[in-house]
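Undergrad: One structure coming up, written as structure tokens, with questions to follow.
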Amino acid sequence: MRVRHLRARLKGWGGVGAMAAACALAVVFALAVTCTGSVASQAGTQPTGHRTTKALTVDAARAADDCEAPEKQTLPPSRADGPAITAIKNRPGEKRKLVVGVDQNSYRWGYRDPNSGEYGRLEGFDIDLVHRIAEDILGDPDAVQFKAIPTDQRIPAIQDGRVDLVVRTMTINCSRLKDVAFSAPYFRTGQQVLAPKSSPVEGYDETLANRRICTAKGSTAYAKLEEDRESGDLPASTDISTTVPNQLDCLVRLQLGEVDAVVNDGALAASQAAQDPTVELKGEAFTTEYYGVAMKKDADDLVRRVNQILVDFRQDTATGWQASYTKWLSATMDDDPSASRPPAPEYLRRS
């Protein structure tokens, strides 16, 4: 993955103090968010074609158990409403909103602009996608209740019914497919190392020996570090014990000198490098990963609808994927988004 280092700076933010202020703002907002209770039950009359959907769901469950290409384990797109979408549309009055788990600390993905309003307005690439989904399902791009959730609470929030969707730079992988359903990929990235420019760390290699690494709890980064240290692909002396609720917390730990490097998705790490001119990405991406929208495993109609929305989002050259990439990510990544655009989606088919 090619990344343009430090082309953009976060205006009005910078240094440890601003990062701490941003984190404090996130905590205040998370506490202030009004809970509407569990997402409405998805019980209801099954739509025409349910047998086909059910068979595909069984195929998805089997694929999760024997998984080689997790980004392909999703249902074909459809515009049809089913029990999950109907439950969302039938919410009364002011509760008739799409409830979505997001991040509010990832610059240019899902973050609060400190210069816009009391709490700051949520914006970024992921937030654009959320508005697109709300507009398609409810006819109003602002019919959304955002819930800020930590990295390790993404799956529990879905399973507990606290959210309809999670749109939070969430990697599709085999382990997660056992717990939630995913859309087709909407972004391609890979794990990379972020460290101070003056650091002797050169990338994901032996230069991480005797170094303290920070990752987010429940992230694919931590799982990869743990696996590679056990297999010998990462030096045994690498300290991976520092984990935090959100990725931005790792940048703060790095700025405070509490860790020597951060391992994170390259797309997120590039945005963090844009926030702090003293750090940079070290080496190339050492994994290939895909972000997807996560939903309940039995919300087949919602999975299909989101996949249809993603088809439209990719094809819309005026206000879709390309426009959102240009607005939010081209300043910290390449102007050419080909390395980040996922391949043409593949869907489960009945055998």
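Undergrad: Could you check the range 154-195 and list, in sequence order, the residues that are open to solvent by less than 10 Å² (accessible area, probe 1.4 Å) and assigned to a strand (DSSP E or B)?
TA: 165, 166, 171, 182, 187, 189, 191, 192, 193, 194, 195
Undergrad: Across the range 208-217, what is the total count of residues that are polar (S, T, N, Q) and free of Cβ contacts under 8 Å to residues at least 40 places away in the same chain?
TA: In the first step, residues of the range 208-217 are kept if they are polar (S, T, N, Q); the result is 210, 215.
Still in the list and also free of Cβ contacts under 8 Å to residues at least 40 places away in the same chain: 210.
Residues in the range 208-217 being polar (S, T, N, Q) and free of Cβ contacts under 8 Å to residues at least 40 places away in the same chain: 1 in total.
Undergrad: Further question on the same structure: Starting from the range 218-231, keep only residues that are over 17 Å from residue 245 (Cα atoms), then list their pairs with residues that are outside any helix (DSSP H, G or I) and charged (D, E, K, R) whose Cβ atoms are within a distance under 9 Å, requiring at least 6 positions of separation or different chains.
TA: Taking only residues 6 or more apart or on different chains, the pairs are 227/233.
Undergrad: What are the residue pairs meeting all of these: first residue in the range 295-320, first residue within 16 Å of residue 166 (Cβ to Cβ), second residue among the hydroxyl-bearing types (Ser, Thr, Tyr) and buried (at least 22 other Cβ atoms within 10 Å of the Cβ), Cβ atoms under 8 Å, and 6 or more apart or on different chains?
TA: 295/183; 303/74; 303/183; 306/183; 307/74; 307/183; 310/183; 310/186
Quick grid of which residues meet (1) among the β-branched types (Val, Ile, Thr); (2) modelled with pLDDT of 95 or more; (3) out of contact with any Lys or Arg (no Cβ under 9 Å at 6 or more places or on another chain):
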site	(1), (2), (3)
101	no, yes, no
107	no, no, yes
116	no, no, yes
130	yes, yes, yes
137	yes, yes, no
143	no, yes, no
146	no, yes, yes
154	no, yes, no
157	no, yes, no
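Undergrad: Pull out all pairs, ordered by first then second residue, where Cβ-Cβ is under 7 Å, the residues are six or more apart or on different chains, the first lies in the range 179-204 and is within 28 Å of residue 165 (Cβ to Cβ), and the second is open to solvent by 50 Å² or more (accessible area, probe 1.4 Å) and in a strand (DSSP E or B).
TA: Pairs found: none.
Undergrad: So, one more: Scanning the range 196-225 for residues that are of a type in the set (D, E, K, R) and under 21 Å from the mean Cα position of the chain (by Cα), which turns out surrounded by the fewest Cβ atoms within 10 Å (Cβ to Cβ)?
TA: The qualifying residue surrounded by the fewest Cβ atoms within 10 Å (Cβ to Cβ) is 217.
Undergrad: Moving on. Please verify whether the range 250-271 includes one or more residues that are without any contact (Cβ under 8 Å) to a residue 12 or more places away in the chain, basic (Lys, Arg) and more than 15 Å from residue 106 (Cβ to Cβ).
TA: Within the range 250-271 (the criterion being without any contact (Cβ under 8 Å) to a residue 12 or more places away in the chain, basic (Lys, Arg) and more than 15 Å from residue 106 (Cβ to Cβ)), the answer is no, since none of the residues qualifies.
Undergrad: Can you run down the residue pairs with Cβ atoms below 6 Å, 6 or more apart or on separate chains, where the first is in the range 130-146 and open to solvent by 50 Å² or more (accessible area, probe 1.4 Å) and the partner is part of a loop (DSSP other than H, G, I, E, B)?
TA: 135/141
The values are calculated or read from the model by the stated rules, or taken from the named source; none is laboratory data. The structure presented is a predicted model; accordingly, all values stated were derived computationally and were not measured. All Cβ positions, glycine included, derive from the backbone under ideal geometry; neighbour counts span all protein chains shown. Protein only, heavy atoms only, side chains kept; ligands, DNA and RNA dropped before computing areas. Shrake-Rupley method; radii C 1.70, N 1.55, O 1.52, S 1.80 Å.
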